[in-house]
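I have placed the structure first, in the form of structure tokens, so that the comments after it can refer back to it.
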Amino acid sequence: MSDLPASVRLETGRGGLPVLLVDGPSARAQIYLHGATVTDWTPHGSDPVLWVSSASRFTAEAPIRGGVPICFPWFGAHPGESGAPSHGFARLCEWSLVGAQDDGEDVVVRLRLTDNEATRESAWPHRFEAVYTVVVGSRLSLVLEVTNRGEVAVVFEEALHTYFDVRNILTTEVSGLEETPFYDLTIGPEPVPGEPDPVRFRSETDRIYLGSTRVGTTVRDDESGRSVLISRDGSEATVIWNPWADKAAGMRDFGDEEWRSMVCVEVGNIRDAAIRLEPGRSHTMSTIFELSPTLEPAAEHKPRSTPS
Ligand code: TA6
């Protein structure tokens, strides 16, 4: 694509997959056309914010294990077609680059996916257009707009399945979901009452929060001394995931010990929050990530002061 700004280069990335290398005034990023997967966002002067497994595959046949895979048009296993790919087809498709431009301190990249022969034969054969806008700056903004290009109403699920890099999962907590009931996929289908405290990690965690509040969610990583503030719009569900040791060891594209240094916090619309779109209508979901220093280690992670 000839008219890319100097801040954006289209290169051949891992596995020979096309990748956009963004180097803007305030941050750098990498976006694979494969799944429109953002695999790196690093504000200048900071450490990378996103986690990618050292065992991730980079092939057209498999999703990238890390970064921000896009789950669409269903989340998890397809309810009716067991052979359908987990989390839908969007993260397995090659998205087309619509364009990119500089915008002050930010760089804006737009990608598109429309129905094709393969998707029209899938478990979700509808006509659609999905436009994904990635704004790379001191904050990372991700906007997914889905339009129903067909003649009938459609229902779909979506999630931005973000893998955050953390120094130590044992001293990481996720706040902003307190008192929100959730589905705990590690124990069963029934909803579980909300909890008064932030989410802390001591075992496999796989939770779906519905009716998540509009206020932000925060990933607080005490050992790195930073937090990631996650705001959202057009999203009524939040998923929190860490596979822990056994699940991690069972995944070929996930390093055995890597569960210690990642956490997924995903904004989406799944289950009761699935989106219904009439013909010609569009729905937009967006999220913004912003770094902030953690001022004081969380009480329970404070080093015990030795009694004088
Ligand atoms: O988002 C959490 C989750 O749905 C977990 O249940 C786990 O399966 C994870 O996604 C990874 O799914 P994947 O299909 O990428 O292996």
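We did not get these values from a lab; they are worked out from the coordinates using the rules stated. Not measured: the values here are computed from a predicted model. Counting neighbours? That spans all protein chains shown, and the Cβs are built from the backbone with ideal geometry, glycine included.
Each residue in V263, V192, V68 was given a count of other beta-carbon atoms within 10 angstrom of its own, and listing them fewest first yields V192, V263, V68.
Shape annotation for the range 47-129: C-alpha extents along the principal axes are 46, 31, 20 Å, from largest to smallest.
Our summary of shape: the Cα atoms of the range 156-235 have principal axis extents of 34, 29, 23 Å, ordered from largest down, in whole angstrom.
Summarising the label geometry, the points placed 7 Å from Cα in the beta-carbon direction at A6 and R202 lie 5.5 nm from one another. For the range 40-196, the C-alpha radius of gyration sits at 1.19 times the compact-globule guess of 2.2 N^0.38 Å, with N the residue count.
Relative contact order, whole percent, for the range 231-270 stands at 55, derived from Cα pairs under 8 Å and 6 or more residues apart.
What's the longest piece of the chain with no exposed trypsin sites (Lys or Arg not before Pro), counting a site as exposed if DSSP puts it in a loop and it has at most 11 other beta carbons within 10 Å? Show your work: numbers first, answer last.
Working: sites that count: R202, R214, R252, R304.
Within the chain, the longest run free of exposed trypsin sites (Lys or Arg not before Pro) spans 1-201.
A simple spin-label model places the labels of S96 and S82 3.8 nm from each other, with each point 7 Å out along Cα-to-Cβ.
Compactness of the range 1-66 is given as radius of gyration and Dmax, 12.2, 35 Å, from Cα positions. With neighbour counts taken as other beta-carbon atoms within 10 Å, the residues E173, E151, E223 rank, fewest first, as E151, E223, E173. Label reach from V152 (point 7 Å along Cα→C-beta): in the range 89-128, amide nitrogens under 19 Å belong to 115-128. Take every pair of alpha-carbon atoms less than 8 Å apart whose residues are at least six positions apart; their mean separation over the length of the range 1-110 yields a relative contact order of 23 percent.
By the Stokes-Einstein formula, at 0.692 mPa s and 37 °C, the range 113-211 with its Kirkwood radius over alpha-carbon pairs has D equal to 192 µm²/s.
On the beta carbon distance between L229 and E117, with R0 = 35 Å, the FRET formula returns roughly 0.30.
Take every Cα pair under 8 Å whose residues are at least 6 apart in sequence, average their separation, divide by the length of the range 137-199, and the relative contact order is 24 percent. As a calculated quantity, the FRET efficiency between R167 and S282 at R0 = 41 Å, using C-beta atoms, amounts to about 0.55. The ratio of the alpha-carbon radius of gyration of the chain to the globular-protein estimate 2.2 N^0.38 Å is 0.99.
Considering all C-alpha pairs of the range 191-235, those separated by over 18 Å amount to 40%. Spin-label model, E257/T133: points 7 Å from Cα along the beta carbon direction are separated by 4.3 nm.
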